[in-house]
Amino acid sequence: MINPNKSAWDSFFSKRESYYVIVTLKNGRKIGGKYGLNSVSSSYPSPKEIYLEEVWKLKDNNTFDIIVKQTEGILISESEISTIEFYI
């Protein structure tokens, strides 16, 4: 299917749905978080960024453990991201 959005990134995030995510950075570190209605992702053109409104600690098996208290979220640059996994 041909999509009028400039990129798959823009198409996916334009849906404005909420997900729990695991962001794997290029250095191998994994960050758990919530992409919700107060989260933001930049759109075309690059560099893209994603702001997650919640940060979560992950267990060793990459499942969500507990929310990190006293944080207002996290901003991650596209240049640091290897993959993003989305969970409902």
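The values are calculated or read from the model by the stated rules, or taken from the named source; none is laboratory data. What you see is a predicted model, and the numbers here were worked out from it, not measured in a lab. Here Cβ is always computed from backbone atoms with ideal geometry, including for glycine, and neighbour counts include all displayed protein chains.
Could you please let me know if Glu78 is modelled with pLDDT of 95 or more, under 14 Å from the mean Cα position of the chain (by Cα) and not aliphatic (A, V, I, L, M)? It is false that Glu78 is modelled with pLDDT of 95 or more, under 14 Å from the mean Cα position of the chain (by Cα) and not aliphatic (A, V, I, L, M).
Of all residues assigned to region 36-44, at least one qualifies as being in contact with a Lys or Arg (Cβ under 6 Å, 6 or more places away or on another chain) and of a type in the set (Gly, Ala, Ser). Among the residues making up region 22-56, a single one is in a strand (DSSP E or B) and without any contact (Cβ under 8 Å) to a residue 12 or more places away in the chain: Val40.
Kindly evaluate Gly36 against the criterion of being surrounded by 11 or more Cβ atoms within 10 Å (Cβ to Cβ), farther than 15 Å from Glu85 by Cβ and not charged (D, E, K, R).
Details: surrounded by 11 or more Cβ atoms within 10 Å (Cβ to Cβ): yes; farther than 15 Å from Glu85 by Cβ: yes; not charged (D, E, K, R): yes.
Against the criterion (surrounded by 11 or more Cβ atoms within 10 Å (Cβ to Cβ), farther than 15 Å from Glu85 by Cβ and not charged (D, E, K, R)), Gly36 qualifies.
Condition check for Phe86 on (1) outside any strand (DSSP E or B); (2) touching a Phe, Trp or Tyr at 6+ places or on another chain (Cβ under 8 Å): one failure, at (1).
Counting the residues of region 41-85 that are surrounded by 12 or more Cβ atoms within 10 Å (Cβ to Cβ), among the aromatic types (Phe, Trp, Tyr) and either closer than 22 Å to Ser14 by Cβ or touching a helix residue (DSSP H, G or I) at 6+ places or on another chain (Cβ under 8 Å) (or both) gives 1.
Quick one: would you say Lys26 is exposed (fewer than 15 other Cβ atoms within 10 Å of the Cβ), of a type in the set (Lys, Arg) and at pLDDT 90 or above? Yes: the conditions hold for Lys26.
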